[in-house]
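Q: Okay, here's the structure, questions in a sec.
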Amino acid sequence: MLILAAIPLGNPGDASARLKEAITQVDFIAAEDSRRFGRLCAELGITYEAKIYSFFEGNENERLEPLLEILSSGKDLLVVTDAGMPGISDPGYRLTREAIARDIPIRVLPGPSAVTTALLYSGLPTDRFCFEGFLPRTSGARITALEKLEEEERTMIFFEAPHRLEESLVDAISVLGEDRLASICREMTKTYEETIRGSLSDLLAWAQSREILGEITLVVAGFDSSSRTHTSNDLVEMVLARESQGESRKEAIAEVAKATGIAKRAVFDVMVAHKGAGRMGQ
């Protein structure tokens, strides 16, 4: 059986009884960081006899077959990451998929999750939300990813490296606007846990005022569709007016989007529809 178990985010007191029982009973454990896993077991006051396999992003593909061989032999394999649930922006998804394909039973031991913990801390709407993992590392790719989320109405949750937080906030402001509500959750359940809430510009000011350390989860409010105040005809007229002044279609769309707070993709779609309607009328 493949056993996927949640690990505490920081406070060992969050470890479930089922997790501790599994650690002491299985013969094989795949851990993202064996030393960190060993420290957790010491904090929990438990010992294990299992053989430990390192299982992290860099060796995930080469570890799949050896781990699947263990499972195919009828042995239980426990998979844990450094914190939270395996497979959520951590190793585990590919192994789970292959185990399912081979009809190997799976058991999930639920528990701590940075995604839902940060969502609750944020104070933003919880009825509908989406997890977007880590944003791309480069600014251009990051902006492209954010542009696809400009009109996402669900609360959005991201993981981010502390050294890229400021850059990501700058890009988020350029795409989503400085007034979009958000929160930063840092070091959740740990000694220096803190949550910063406010607009994206508030969060950027906070990030620029100090050295950022620790695990970061960023939660951003979804797009408010009721904020639209311009009709399709208004947008078309605004774009055409800018074009008449010498701007390219791309430049005009970008400026209209910036002026109205409407996503560039939405303005572009309006212009495509306008062009199509013009052809049909010919």
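Every number in this text was worked out from the coordinates using simple rules, so none of it is lab data. Computed from a predicted model, the values in this text were never measured in an experiment. Every residue, glycine among them, receives a Cβ derived from its backbone with ideal geometry; neighbour counts consider all protein chains shown.
Q: Could you go through segment 238-246 in sequence order and give the Karplus-derived ³J(HN,Hα) for each residue, using 6.51 cos²θ - 1.76 cosθ + 1.60 with θ = phi - 60°, rounded to whole Hz, and x for Gly and Pro?
A: In residue order, the calculated couplings are 5, 5, 4, 5, 5, 4, 5, 8, x Hz.
Q: I want to verify a result. In a Gaussian network model of the chain, Cα cutoff 10 Å, which of these has the top mean-square fluctuation: Lys20, Lys250, Lys148?
A: It is Lys250.
Q: Then there's this: Of Val267, Ala252, Ala241, which is farthest on the positive side of the dipole of segment 228-280, counting Cα position, with +1 on Lys and Arg Cβ, -1 on Asp and Glu Cβ, and the Cα centre as origin?
A: Val267
Q: Something else: Grab the DSSP H runs of the chain that are 4 residues or longer, score each as -39,500 (n - 2.57), total them, divide by all residues and round the 222 nm result to the nearest 500 deg cm²/dmol. If you can, show how the numbers build up before the last one.
A: Working: 11 runs with 123 residues, N = 282.
My calculation for the chain gives -13500 deg cm²/dmol from helical runs alone.
Q: Pull up all non-local amide H partners of Arg154: gap of 5 or more, or a different chain, and H-to-H distance under 5 Å with H placed in the peptide plane.
A: Phe223
Q: Can you give me the distance in nm between label points at Lys258 and Asn59, each placed 7 Å from the Cα along the Cα-to-Cβ direction?
A: Distance between the two pseudo-spin positions: 4.9 nm.
Q: Taking H placed 1.01 Å from N in the peptide plane, check which residues at least 5 places from Gly198 or on another chain put their amide H under 5 Å from its amide H.
A: Residues meeting the criterion, in which the H sits 1.01 Å from N, are Ala182.
Q: Normalising by the residue count of the chain, find the relative contact order in percent from Cα pairs under 8 Å and 6+ residues apart.
A: About 17 percent, as a whole number.
Q: Follow-up question, since we're still on this one. With a 10 Å radius around each residue's Cβ, average the other Cβ atoms per peptide and rank 233-242, 176-185, highest first.
A: 176-185, 233-242
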